[in-house]
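K.L.:
Let me give you the structure first, and then I'll get to my questions.
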Amino acid sequence: MKEWNQLEGKPARLSRTTTTDLVLPPDANHYGTIFGGKVMAYVDKIAAIAAMRHARHPVVTASSDSLDFLAPIKVGEAIHLEAFVTYAHKTSLEVHVKVQSEDLMTGELCLTATSFLTFVALDKDGNKTEVPPVIPETEEERMLYQTAPERMRLRIQRKEQRQQDISSLENEKAK
């Protein structure tokens, strides 16, 4: 097998995935806006598709760094999601997801949420497998690619802190 840094890179655009759906009453809370959990499910699904398009392997969600809700999406509006792989590191892929609402009567778009998720690629036996590096081409892709190592560092730091917290709690329980 080639070394990871010798695998042929793939342009981020090849992973770009979009979907649009209509927000209906069963999708919404009593305020007439889409449930946050429904948005989270859309985000995880589209991010997984983008990751699989890049890796050409099954993937599992390893981390959801953030899902920042910026504005609500109302019943009768469309929810539009766009995702693409921003960075790959050996067996993991970072995916950025942008969520917008669209007023279908006026065409007005509104950024409603953004998110970063990390996936791990798996081989046919369920073991981690290497993924190709990402080749950023647009200004947005280059900016997200350049800032990805810092997000990865913070993600690792957060995970280590949570593991320490769990160990501390288990030690307290054992006393």
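K.L.:
Please name all residue pairs, on different chains or six or more residues apart, with Cβ atoms under 8 Å, provided the first residue is in region 33-50 and is among the acidic types (Asp, Glu) and the second residue is not in a helix (DSSP H, G or I).
P.N.:
If the second residue must be not in a helix (DSSP H, G or I), the pairs left are Asp44/Thr61; Asp44/Ser64; Asp44/Leu117.
K.L.:
Could you pull out the residue among Ala47, Ala41 that is among the small types (Gly, Ala, Ser) and either out of contact with any Leu (no Cβ under 8 Å at 6 or more places or on another chain) or more than 23 Å from Lys159 (Cβ to Cβ) (or both)? Working first, answer last.
P.N.:
Numbers: Ala47 fails: either out of contact with any Leu (no Cβ under 8 Å at 6 or more places or on another chain) or more than 23 Å from Lys159 (Cβ to Cβ) (or both).
On inspection, the qualifying residue turns out to be Ala41.
K.L.:
In region 62-101, what residues are surrounded by 15 or more Cβ atoms within 10 Å (Cβ to Cβ), among the polar types (S, T, N, Q) and not in a loop (DSSP other than H, G, I, E, B)?
P.N.:
Ser63, Ser64, Thr86, Ser92, Gln100, Ser101, listed by residue number.
K.L.:
Restricting to region 102-154, what's the tally of residues that are of a type in the set (Asp, Glu), assigned to a helix (DSSP H, G or I) and in contact with a Phe, Trp or Tyr (Cβ under 8 Å, 6 or more places away or on another chain)?
P.N.:
Taking region 102-154 and keeping what is of a type in the set (Asp, Glu), we get 102-103, 108, 123, 125, 130, 137, 139-141, 150.
Then drop every residue that is not assigned to a helix (DSSP H, G or I), which leaves 139-141, 150.
Filter once more, keeping what is in contact with a Phe, Trp or Tyr (Cβ under 8 Å, 6 or more places away or on another chain): 141.
The total comes to 1.
K.L.:
Test each condition in (1) at pLDDT below 95; (2) farther than 29 Å from Val23 by Cα for Leu93 and report the one that comes out false.
P.N.:
Condition not satisfied by Leu93: (1).
K.L.:
Residues in region 6-28: is at least one exposed (fewer than 11 other Cβ atoms within 10 Å of the Cβ) and either modelled with pLDDT under 95 or touching an Asp or Glu at 6+ places or on another chain (Cβ under 8 Å) (or both)?
P.N.:
From region 6-28, those exposed (fewer than 11 other Cβ atoms within 10 Å of the Cβ) are 6, 8, 24-26; that's our starting set.
Adding the requirement that they be either modelled with pLDDT under 95 or touching an Asp or Glu at 6+ places or on another chain (Cβ under 8 Å) (or both) leaves 6, 8.
Yes, region 6-28 contains a residue that is exposed (fewer than 11 other Cβ atoms within 10 Å of the Cβ) and either modelled with pLDDT under 95 or touching an Asp or Glu at 6+ places or on another chain (Cβ under 8 Å) (or both).
The values are calculated or read from the model by the stated rules, or taken from the named source; none is laboratory data. Small disclaimer: the values here were computed from a predicted structure and weren't measured. Every residue, glycine as well, gets a Cβ built from its backbone with ideal geometry; the counts of neighbours run over all protein chains shown.
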